[in-house]
Number of protein chains: 6
Amino acid sequence: MRIHLVNPNTTVSMTEKAAFAARAVAAPGTAILARTSANGPASIEGAYDGAVAVPGMLVEIAAADAEGVDGHVIACFDDTGLDAARALSARPVIGIGEAAFHVASLVAERFAVVTTLSRSIPVIERNLAVYGLAARCARVRASDVPVLALEEPGSGARDLIAAEIRAALDTDRAEAIVLGCAGMADLAHSLSLEFGVPVVEGVAAAVKLAELLAGLGLVTAKTGLYAPPLPKLYAGTMASLAPRG
Amino acid sequence: MRIHLVNPNTTVSMTEKAAFAARAVAAPGTAILARTSANGPASIEGAYDGAVAVPGMLVEIAAADAEGVDGHVIACFDDTGLDAARALSARPVIGIGEAAFHVASLVAERFAVVTTLSRSIPVIERNLAVYGLAARCARVRASDVPVLALEEPGSGARDLIAAEIRAALDTDRAEAIVLGCAGMADLAHSLSLEFGVPVVEGVAAAVKLAELLAGLGLVTAKTGLYAPPLPKLYAGTMASLAPRG
Amino acid sequence: MRIHLVNPNTTVSMTEKAAFAARAVAAPGTAILARTSANGPASIEGAYDGAVAVPGMLVEIAAADAEGVDGHVIACFDDTGLDAARALSARPVIGIGEAAFHVASLVAERFAVVTTLSRSIPVIERNLAVYGLAARCARVRASDVPVLALEEPGSGARDLIAAEIRAALDTDRAEAIVLGCAGMADLAHSLSLEFGVPVVEGVAAAVKLAELLAGLGLVTAKTGLYAPPLPKLYAGTMASLAPRG
Amino acid sequence: MRIHLVNPNTTVSMTEKAAFAARAVAAPGTAILARTSANGPASIEGAYDGAVAVPGMLVEIAAADAEGVDGHVIACFDDTGLDAARALSARPVIGIGEAAFHVASLVAERFAVVTTLSRSIPVIERNLAVYGLAARCARVRASDVPVLALEEPGSGARDLIAAEIRAALDTDRAEAIVLGCAGMADLAHSLSLEFGVPVVEGVAAAVKLAELLAGLGLVTAKTGLYAPPLPKLYAGTMASLAPRG
Amino acid sequence: MRIHLVNPNTTVSMTEKAAFAARAVAAPGTAILARTSANGPASIEGAYDGAVAVPGMLVEIAAADAEGVDGHVIACFDDTGLDAARALSARPVIGIGEAAFHVASLVAERFAVVTTLSRSIPVIERNLAVYGLAARCARVRASDVPVLALEEPGSGARDLIAAEIRAALDTDRAEAIVLGCAGMADLAHSLSLEFGVPVVEGVAAAVKLAELLAGLGLVTAKTGLYAPPLPKLYAGTMASLAPRG
Amino acid sequence: MRIHLVNPNTTVSMTEKAAFAARAVAAPGTAILARTSANGPASIEGAYDGAVAVPGMLVEIAAADAEGVDGHVIACFDDTGLDAARALSARPVIGIGEAAFHVASLVAERFAVVTTLSRSIPVIERNLAVYGLAARCARVRASDVPVLALEEPGSGARDLIAAEIRAALDTDRAEAIVLGCAGMADLAHSLSLEFGVPVVEGVAAAVKLAELLAGLGLVTAKTGLYAPPLPKLYAGTMASLAPRG
């Protein structure tokens, strides 16, 4: 099985970290095809970054589909461009945010999310509401760690994240923790040991869910929100993204 | 006052129709600066079209801000790219979908939306849920009229729309109608006369709301979801959209 | 255009303050016809005051309609008698509470309300729920300022209100503030400057929305909740309010 | 025990029918003090009638409290003026609508309401939402019987009501029926026998709940929404309703 | 009238305390038939205890029905086995949790629950959500008193409960208190006096509601969730619980 | 890896069918330990059957844990006893209903459930609400096929199910189908081919999710709803189920 993991931001080191997390959990026969968007922001911190990142990511989805893959994982916790990718691809697509929320819902009645910047909280809260899982989430907390600081040793990022986990367990009645950024993938195991609670990391969850869907022969429904785009002209810099029907 | 009306699809005739509707309701001192995206789909019918349309629209938002405008109207009923535009601009931004929903809520306890294709229903339903107004909407109905058919005389589009309005009033207990596409702007008045109920059209509603916000000196909140994008590198074809902080 | 602004309490100084706020934002051609209810409580602080205030207010609505106006604004943040007024009048009716909530929703994902007494909180929360906008409101805060104290210089009212705004921004993640009493209309501008966030005041918002609806030729839907009252006998002191059909 | 049953409309025959239903279920030691509002509409059919009816009803509440009663029942299915009455009185107050909804919730997972005119549907739906029981109600159906027709033998009212019950059971998956008008109180027993399902009638339910609350020594909470009105001047025709604190 | 009060745990002293509370409020002609489950946990503290307690309780329900009773009260605040009991019995069944929530909703807009252990909070919150009354509950608080400690004089249980009531009134804006355990039935009166707010205790509320339903001739709806179990074989230790149709 | 699949009803042929479906999708290294409850109903059709089935199932959960397994699957679409099983076991537990809902949510915005008897609809609707996924489900439909008829060739069951799928796609706007009974596991593939939409079957979904959780080292959170039962005495026939702490 081949799973395409696409980083919708353009920072290769984040792709590598996510790919490492993906390969650590992939089944023996699963190859992880990790790609980085070539067009868009270096990190996704808010709605503007997220919106501009989508076309570059869709280019990678289309390319991977053309090469032949069994599923796609979008390696940004905001699930950037998830609906568009599902409409585009004939293969299952999983966002690491939704993956983490669904998996956390299977091991806890009530979880908390610990993300990077407080500006990311509204996007995550909206996604939880759209997916239906808002009532399962006690609170979305920000650790005030910029996304790229997660790539810097000595940034103190882990301590800030741990402090928010402590607060979530002590004051939010959270029973499990969801790490709210692809860049935190390497911290899940040690944080779970430290706090003695389930810590769900989205890259791992998404890769396993993509394997699950592909393994069961399930593909995205093609009526409604995920109906394939109709063939039409796209103008200017977007001409090459025009759907061919 | 100068209001920038941006058509996020690339079909100039739709821009012109929307601009006509906008100018018909604009206050005497309001100039409508109508722009068409140069980069993206010819029409927005579903999540893929919508996602690819956003960067091209944001280019127009930034350009209009640089020229100096008092507010922006996004002339697509899906409110394409609304959050990103609000994060980008220092001026108020109104989507014609949200404008129509809010205005309809002020004249009816319960309204119905009549849109073009059934593939647009899920996007509209999601927006209603996100805005909080889902309970005010009796039903979103599709007339099975393609967006571009609205531009063609003799397409029978008006009859199909009228049939859905009749059904909404008779079977959904709708008290008012929202027309769910910018391309229907020219039909609102005659449909309201025909059915004797309020018919809300988004372009007009949005232009007046943009005037309202600008007139009251209200600008978009700049913490939370609409926090300005942080300065960072954008790569490839998106490099020119990088926020400058 | 003539907009009827009705104060459902019987304190003329509050009507004057609201009328001042209304005229400050009214379009050049808009006349504000400000009226004070002659029958009912001196201020509206809770459900009992509110209920008794309605018939007196409806008398003013009917009188203004008879004189000929283009719309009505109910100048009490509780939107006292809004449904009954909509059923009665052939013209648009806007409550200043709903006006503020809808306008705030167009400039912020998440706002807070700062009102006078804590006994007003449940009414406001219920209105937010009924309108559908409860999820957009981070919290309704009371400043413990009695309504009539807003009319007294030196009452310290502004400081108490400012303290609640500070708390809303710091602890509720509010991005914008709605002032929850008609008597606060004169504070909006200076508080917005002081805190650097949008501060929405209901009288101004409602006047502009009334102009908007009237300008677009939109009237209240006349089926469902706002169906005109059926002609019938009213007894006793209410005989003169009987609908004539 | 003395229970005050107040009819907020001014039609004495409806008071008598409700009083008959009340006395039929009252405990041996319970006296029903039935009063008719002297000021207001002859029937309550929509928001305008309802709003004008409230002060006249509050006069009766205050008078009964002065005479000494153990609780009040508001004999209009819209629960007209319920919040104001709770704020005013030191005794429990029950609306027949809420009584019926709560009692139906104890015998069925899912009930339907059959009311008189379709214009009453929105008020009932809103009450259900405010009380929290909207999800328990499959549908509110109107039988198109005017309230006063229930008082006329040979009006065919019962057949129209029965037809809606049949539809509710067959197509709405309702398991129990709530009769949505005080004037239907005499039909509950025969309809329950005819259809073989629980049929809940509000007057009976409310009288028993008022006995229940009074018997348990429970009175309305006096902070929050039901805080007693503050002493203040009321002007004009409402002067005599001013709270004395 | 005969009301069967069943304690789904096997601790006789708790049954006796609940029976005492029940008899203290029962109408003159009402006999309380108090039974203790013979099979199951000594107390119900969480989902596992609750699930294992149900068959033993259903045995008592069936036995009481065979003897002839007019209604059943389940004397555990979790409403253990309520749906199954309703499906089984031809008589009304009331859980003390739901009874308390519905009664509290009739005297307060917003109540808080004070229960025993924090592990009970999620079950109570879920019940509130299922019944529709979650929005009426400000917060479920735990006093960290084990259920059986309520049976021990000198355990300090009352002080811990009082402290949570104080916090609920001061910080949760609760207007009334629901005591969240059958073992607290003897504390309601003194706590209500001490805090000057309504304190609702479930045993009393449930007994009166059972009398109410039986008095009105209302029985549980027998389609949908409470449809009688179909006759079929039950194996092993459960064979004697097989429905006979 | 060893996954324990427990059939909470006592019909061995249903266990075998579920085990067949489980083994068909299990990973090469996964052994399916299929067990049938020895104590309880022959099928679970409604709340009474479900409640009595739980202790017998918990016996199997405990036994399998003692033997050593990596996770449990509850092979009843009602997710019978799921919370209790999660509280009891140290291993992940997945219900086939929740598994199907979560998986369907990853391939469709909007799915429908087709179950057996209409009496099962309320239980499934409640589960959807509790999990948060009610808004994702267009409708729960019953095919009026008794559970055990699914075991009988020539019962016409498949045709009845197919008719409901057709209706769900045509009138409910469903984009994918969830089969609402473990006994339908063998029909998923052919129905998916026939209708050209994703058809999700719970046994397969649950087995893969159990593998996923176990593979990621995730166990159920042990605070809150799933806190382990406290050691205490259990009386009578339930004595052997007493938690040992």
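The values are calculated or read from the model by the stated rules, or taken from the named source; none is laboratory data. Keep in mind that this is a model prediction, so the values were computed, not measured. Because the Cβ atoms are built from the backbone with ideal geometry, glycine has one as well, and the counts that use them run over all protein chains shown. Surface accessibility is based on the protein's heavy atoms, side chains included, excluding ligands, DNA and RNA. Shrake-Rupley method; radii C 1.70, N 1.55, O 1.52, S 1.80 Å.
The single residue among E:Leu179, E:Leu160, E:Leu212, E:Leu191 that is in the same structural domain as E:Gly29 (by TED's automatic domain parsing) and on the phi < 0 side of the Ramachandran plot turns out to be E:Leu212. Of the residues making up the stretch B:127-157, those that are of a type outside the set (Val, Ile, Thr) and either in contact with a Pro (Cβ under 8 Å, 6 or more places away or on another chain) or over 24 Å from B:Thr11 (Cβ atoms) (or both) number 11. Residue count for the stretch E:229-245, restricted to those that are more than 7 Å from every other protein chain (Cβ to nearest Cβ) and either in a helix (DSSP H, G or I) or closer than 17 Å to E:Arg91 by Cβ (or both): 3. Could you please let me know if A:Ser155 is of a type in the set (Ser, Thr, Tyr) and part of a loop (DSSP other than H, G, I, E, B)? Taking the combined requirement at face value, the residue satisfies it. Of the residues making up the stretch D:212-245, those that are free of Cβ contacts under 8 Å to residues at least 60 places away in the same chain, closer than 17 Å to E:Leu193 by Cβ and open to solvent by 20 Å² or more (accessible area, probe 1.4 Å) number 4.
When A:Ile74 is tested against (1) without any contact (Cβ under 8 Å) to a residue 60 or more places away in the chain; (2) within 13 Å of chain B (Cβ to nearest Cβ), just one condition goes unmet, and that condition is (1).
Confirm whether F:Tyr226 is touching a strand residue (DSSP E or B) at 6+ places or on another chain (Cβ under 6 Å), within 14 Å of chain E (Cβ to nearest Cβ) and not small (Gly, Ala, Ser). When the stated conditions are applied, F:Tyr226 does not pass them. Among the residues of the stretch B:125-134, those identified as part of a helix (DSSP H, G or I) and either among the charged types (D, E, K, R) or open to solvent by less than 10 Å² (accessible area, probe 1.4 Å) (or both) are B:Glu125, B:Arg126, B:Leu128.
Hey, can you tell me all the residues within the stretch D:10-41 that are touching a Lys or Arg at 6+ places or on another chain (Cβ under 8 Å) and outside any loop (DSSP other than H, G, I, E, B)? Matches in the stretch D:10-41: D:Thr15, D:Val25, D:Ala31, D:Ile32, D:Leu33, D:Pro41. Quick one: would you say C:Glu67 is modelled with pLDDT of 95 or more and surrounded by fewer than 24 Cβ atoms within 10 Å (Cβ to Cβ)? It is true that C:Glu67 is modelled with pLDDT of 95 or more and surrounded by fewer than 24 Cβ atoms within 10 Å (Cβ to Cβ). When the stretch D:160-186 is filtered for residues that are surrounded by fewer than 21 Cβ atoms within 10 Å (Cβ to Cβ) and assigned to a helix (DSSP H, G or I), the ones remaining, listed by number, are D:Leu160, D:Ala162, D:Ala163, D:Arg166, D:Ala167, D:Leu169, D:Asp170, D:Thr171, D:Asp186. Can you tell me which condition C:Ala18 does not meet? The list is (1) at the interface with another protein chain (Cβ under 7 Å from one of its Cβ atoms); (2) more than 30 Å from D:Pro8 (Cα to Cα), and all the others hold. The single condition C:Ala18 does not satisfy is (1). Scanning the stretch C:189-211 for residues that are open to solvent by less than 30 Å² (accessible area, probe 1.4 Å) and part of a loop (DSSP other than H, G, I, E, B) gives C:Val197, C:Pro198. Please find, within the stretch E:135-152, the residue that is nearest to the other protein chains (Cβ to nearest Cβ) out of those that are in a helix (DSSP H, G or I) and open to solvent by less than 60 Å² (accessible area, probe 1.4 Å). Looking at residues that are in a helix (DSSP H, G or I) and open to solvent by less than 60 Å² (accessible area, probe 1.4 Å), I get E:Arg136. Select from the stretch D:38-49 the residues that are more than 14 Å from C:Val52 (Cβ to Cβ) and either modelled with pLDDT of 95 or more or not acidic (Asp, Glu) (or both) and list them in ascending order. D:Ala38, D:Pro41, D:Ala42, D:Ser43, D:Ile44, D:Gly46, D:Ala47, D:Tyr48, D:Asp49 - these are the residues of the stretch D:38-49 that are more than 14 Å from C:Val52 (Cβ to Cβ) and either modelled with pLDDT of 95 or more or not acidic (Asp, Glu) (or both). Listed by first and then second residue, the pairs with beta-carbon distance under 8 Å, at least 6 apart or on different chains, first residue in the stretch C:49-61 and in contact (Cβ under 8 Å) with a residue 40 or more places away in the chain, second acidic (Asp, Glu), are C:Gly50/C:Asp78.
When C:Val54 is tested against (1) buried (at least 24 other Cβ atoms within 10 Å of the Cβ); (2) among the aliphatic types (A, V, I, L, M); (3) touching a strand residue (DSSP E or B) at 6+ places or on another chain (Cβ under 6 Å), exactly one condition is not met: (3). In the condition set (1) open to solvent by less than 40 Å² (accessible area, probe 1.4 Å); (2) assigned to a helix (DSSP H, G or I), D:Asp79 is compliant with all but (2). Looking at this structure, is F:Asp83 facing chain E (nearest Cβ under 10 Å), at pLDDT 95 or above and more than 26 Å from F:Ala188 (Cα to Cα)? Yes. With respect to being within 12 Å of another protein chain (Cβ to nearest Cβ), farther than 29 Å from A:Thr223 by Cα and among the hydrophobic types (A, V, I, L, M, F, W, C), F:Val219 fits the description. Applying the condition of being out of contact with any helix residue (DSSP H, G or I) (no Cβ under 6 Å at 6 or more places or on another chain) and facing chain B (nearest Cβ under 9 Å) to the stretch A:112-124 and asking which residue is surrounded by the fewest Cβ atoms within 10 Å (Cβ to Cβ) yields A:Ser118. Exactly one residue out of E:Glu109, E:Glu60, E:Glu98 is open to solvent by 10 Å² or more (accessible area, probe 1.4 Å) and not in a loop (DSSP other than H, G, I, E, B), and it is E:Glu60.
Residues in the stretch A:42-57 that are within 19 Å of A:Asn127 (Cβ to Cβ) and either in a loop (DSSP other than H, G, I, E, B) or away from chain B (no Cβ under 12 Å) (or both): 4 in all.
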